[in-house]
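Structure, as structure tokens:
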Amino acid sequence: MTNDNAIKLAVLIDADNAQPGIVEALLAEIAKYGTAHVKRAYGDWTGPSLKGWKDQLLAQSIQPMQQFAYTMRKNSTDSAMIIDAMDLLYSDRFDGFCIISSDSDFTRLASRIRESGLIVYGFGERKTPKAFVSACDKFIYVENLQEPLEEPEPEPAKVSAALVNKLRNAVEAASDEDGWAMLSHVGQILTKQSPDFDSRNYGFGKLSGLVTAIKQFDLDRRDAGTGKHGVIYVRDRRRRTEK
């Protein structure tokens, strides 16, 4: 998705369930999708466990939301975050929400926000339960925000037949009569089918790098008429021999 500063986002962080070291990269990623008009982090700030967050709160203008740990479990933090999210939803001031947590407790919240017609971006570790991942429009694994990308050859274990078939099906769904599809449209279809689809899962910063490395697709960069960057089209290489 291209960056659109007109898109207003509410960023809600489960500080009990996220690491402060990801914040800078996290906010940079969020900026690709819109502008964070609200940034809140939830937890018990009186305890020692969130000490590492305090510098990040100040540096990134994140508002700490205090929630005392009334029990040994952290459900009180989750509840406070969900209540605030619903208040923000009913304010009709936002176009979407960013929920930062690896906790499945936010599955219903993500679904409820989407039912209201707003977009939901989820951020969490790869251990995040599939139910929460699937409840979001797009889910980004925070490990992808930390790992340097060197555009290597795709790992054979990761480039499975299932991945190739998924790419082929998405290309076919977005293609014209000659089999060519805009790569951006292919990416949108992949995300709709699998919210956690991300070329960075395979070591590539962009979908074009992954598709090129697989070597089963043709890519064509066409003049967009803007004088800047061309539009990338992709086609299943097997279509070459159909005519």
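None of the figures in this text is laboratory data; all of them are computed from the coordinates on show. What you see is a predicted model; the values in this text were computed from it and never measured. Backbone-built Cβ (ideal geometry, glycine too); neighbour counts: all protein chains shown.
Brief remarks follow.
- About the centre of its Cα atoms, the chain shows a dipole size close to 340 debye [charges on the beta carbon of Lys, Arg (+1) and Asp, Glu (-1) only; nearest 20 debye].
- Evaluated over the range 8-145, the count of Lys pairs having alpha-carbon atoms less than 28 Å apart is 24 (only pairs 8 or more residues apart or interchain).
- With each label modelled as a point 7 angstrom along the Cα→C-beta vector, the Thr46-Ala6 pair spans 4.6 nm.
- Stretch in the chain that is longest and holds no chymotrypsin sites (Phe, Trp or Tyr not before Pro) that DSSP places in a loop and that have at most 13 other beta carbons within 10 Å: 71-243
- Theoretical FRET efficiency, 1/(1+(r/R0)^6), r = Cβ-Cβ of Gln60 and Arg93, R0 25 Å, to 0.05: 0.75
- When Leu12, Leu88 are sorted by how many other C-beta atoms sit within 10 angstrom of their C-beta, beginning with the fewest, the order is Leu88, Leu12.
- Farthest towards the positive end of the charge dipole of the chain, among the residues Phe204, Ser76, Tyr90, is the Cα of Phe204, using unit charges on the Cβ of Lys, Arg, Asp and Glu.
- Prolate/oblate/rounded call for the range 8-145, Cα gyration tensor, a/c under 1.5 rounded: rounded
- Per residue, the chain reaches -9500 deg cm²/dmol at 222 nm when only DSSP H runs of four or more residues are counted, each adding -39500 (n - 2.57).
- Positive-end ranking of Ser175, Thr128, Gln67 along the dipole of the chain, with charges on Cβ about the Cα centre, is headed by Ser175.
- Given 11 as the ceiling on other Cβ atoms within 10 Å, longest exposed-site-free region of the chain for GluC sites (Glu not before Pro) in DSSP loops: 1-149
- Charge dipole (the chain, unit charges on Cβ, about Cα centre) - positive-most of Gly117, Phe217, Leu12: Phe217
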